[in-house]
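Asker: Starting off with a structure, shown below.
The values are calculated or read from the model by the stated rules, or taken from the named source; none is laboratory data. The shown structure was predicted, so the numbers you read here are calculated from the model rather than taken from an experiment. Here Cβ is always computed from backbone atoms with ideal geometry, including for glycine, and neighbour counts include all displayed protein chains. When the accessible area is computed, the model is the full protein with side chains, heavy atoms only, and any ligands, DNA or RNA have been set aside. Shrake-Rupley method; radii C 1.70, N 1.55, O 1.52, S 1.80 Å.
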Amino acid sequence: MGKKYTNHYTGTEETYTRRKEKMAQKNQHAKKNGSNYHPGAELAKAAAEKINKQERVQLPFWLKTILIILFTALLVTLVLRLTSFKDSMTMSYISSLMLGVACGALFYIRKYYHKEKKGASYGIITLILAVVCVVYTAMGLLGLFGILG
């Protein structure tokens with residue numbers, strides 16, 4: 001009856017089984033002493049937290065500065081429009097323009113500075129920012145050009 005055929009993968013399975021048995025023996029010793037120790041549990045937990053943790057986007061200094069100036073100007077414009085210049089159409093058009101530009105800046109940041117772009121809600125919010133940017137900027141510019149011309 002000649003040759004016996006051997007399974008070439010048996011060696012790796014045995015190595016794997018031997019390793020698992022050694023780990024079980026170590027865990028058995030720890031369990032006997034009343035310990036709650038599980039080798040590698042901290043590493044697995046840290047890796048899971050790192051995966052689940054959302055990365056914070058680091059913006060360049062120039063962009064942070066422009067955003068601070070833009071949102072301060074928008075806040076001042078909206079406060080003036082709602083208090084001192086209630087009936088002023090010019091102030092209304094300026095506030096629409098500023099709001100459109102602010103939405104455009106947020107769209108730019110979401111589009112070009114975020115590393116991971118996942119999910120349907122992310123795409124929907126980005127689309128809404130783009131549409132609001134175009135509509136409010138156009139309303140503000142058309143109103144201002146209408147007053148000037």
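Asker: Just to be sure I understand, how many residues within the stretch 112-145 are part of a helix (DSSP H, G or I) and open to solvent by 90 Å² or more (accessible area, probe 1.4 Å)? Talk me through it step by step, then tell me what you get.
Answerer: From the stretch 112-145, those part of a helix (DSSP H, G or I) are 112, 120-145; that's our starting set.
Next, only the ones that are open to solvent by 90 Å² or more (accessible area, probe 1.4 Å) stay: 112, 124, 127-128, 134, 139, 142, 145.
Residues in the stretch 112-145 being part of a helix (DSSP H, G or I) and open to solvent by 90 Å² or more (accessible area, probe 1.4 Å): 8 in total.
Asker: Is it the case that residue 88 is of a type in the set (S, T, N, Q), within 27 Å of residue 149 (Cβ to Cβ) and open to solvent by 80 Å² or more (accessible area, probe 1.4 Å)?
Answerer: Judged against the criteria, residue 88 is not a match.
Asker: Still on this structure, please answer the following. Kindly establish whether residue 75 is modelled with pLDDT of 90 or more, under 20 Å from residue 137 (Cα atoms), hydrophobic (A, V, I, L, M, F, W, C) and open to solvent by less than 60 Å² (accessible area, probe 1.4 Å). It would help to see each step written out before you state the result.
Answerer: Values: modelled with pLDDT of 90 or more: yes; under 20 Å from residue 137 (Cα atoms): yes; hydrophobic (A, V, I, L, M, F, W, C): yes; open to solvent by less than 60 Å² (accessible area, probe 1.4 Å): no.
So residue 75 does not fit the description; no.
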